[in-house]
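I have placed the structure first, in the form of structure tokens, so that the comments after it can refer back to it.
The values are calculated or read from the model by the stated rules, or taken from the named source; none is laboratory data. Computed from a predicted structure; not experimentally measured. Glycine gets a Cβ as well: all are built from the backbone with ideal geometry, and neighbour counts include every protein chain shown. Keep in mind that these areas ignore ligands, DNA and RNA; they rest on the heavy atoms of the full protein, side chains included. Shrake-Rupley method; radii C 1.70, N 1.55, O 1.52, S 1.80 Å.
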Amino acid sequence: MADDGDGRLRTEGNGGGRGGGGAGAGESLLGGGMLLVVGLLALGLLAAYRLYLRWGTRSGPGGAARQSQAAALPRMKRRDFSLEQLREFDGTRNPRILLAVNGKVFDVTKGSKFYGPEGPYGIFAGRDASRGLATFCLDKDALRDEYDDLSDLNAVQMESVREWEMQFKEKYDYVGRLLKPGEEPSEYTDEEDTKDHTKQE
């Protein structure tokens, strides 16, 4: 910094000579970096807010009430379901949530944060989830309104369905079979009802 003779102070970077315009370039670089940081911070906050809306509100009062209601439900008696009967158990009309995989119906109520109305897999509640799980598709297009025999799936997709079935058997209660059109439901005894096994076709 120097006095230029008329009482005004000037910085070394102002005016001609070496370093002329250097301060302006530095300031614009600093301004651009600051703008980038502010932009990234805003994106981070937006992402955190969206995650909170998607997941955080589920554990709020409504989600907690649904979880406690689900925990209070008695174990479901073994029975078979038509597609229409299965649809009643979607977590909205009935607090219990069921879904079918490969012809088997499972009670996934304890997993309501995943399969409940606001869950990431809520589309499968009260439905046959086999095709959606086999094709890794969470769209309504992956679900059929009529009985789906899965005959058009390839070998890899059918293997995927069987793997999903095994995972559901390990984690959730098996409650019965998904009936084909015109098929009669099985009569389950009390002994069968208390055993945790799957009726093989």
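List of remarks:
- In the stretch 144-162, the qualifying residues are those that are farther than 17 Å from Leu99 by Cβ and not acidic (Asp, Glu), and the one that is least open to solvent (accessible area, probe 1.4 Å) is Leu153.
- Taking residues in the stretch 168-186 that are polar (S, T, N, Q), and partners anywhere that are open to solvent by less than 30 Å² (accessible area, probe 1.4 Å) and modelled with pLDDT of 95 or more, the pairs with Cβ atoms closer than 6 Å and at least 6 places apart or on different chains are Ser186/Asp80.
- Criterion: open to solvent by 10 Å² or more (accessible area, probe 1.4 Å), out of contact with any Ser or Thr (no Cβ under 7 Å at 6 or more places or on another chain), among the polar types (S, T, N, Q) and under 30 Å from Ala155 (Cβ atoms) - qualifying residue of Thr135, Thr92: Thr135
- Condition check for Asp128: of a type outside the set (A, V, I, L, M, F, W, C) and surrounded by fewer than 19 Cβ atoms within 10 Å (Cβ to Cβ): no
- Among the residues of the stretch 80-137, just one is more than 23 Å from Asp149 (Cα to Cα), modelled with pLDDT of 95 or more and more than 18 Å from the chain's Cα centre (by Cα), namely Arg96.
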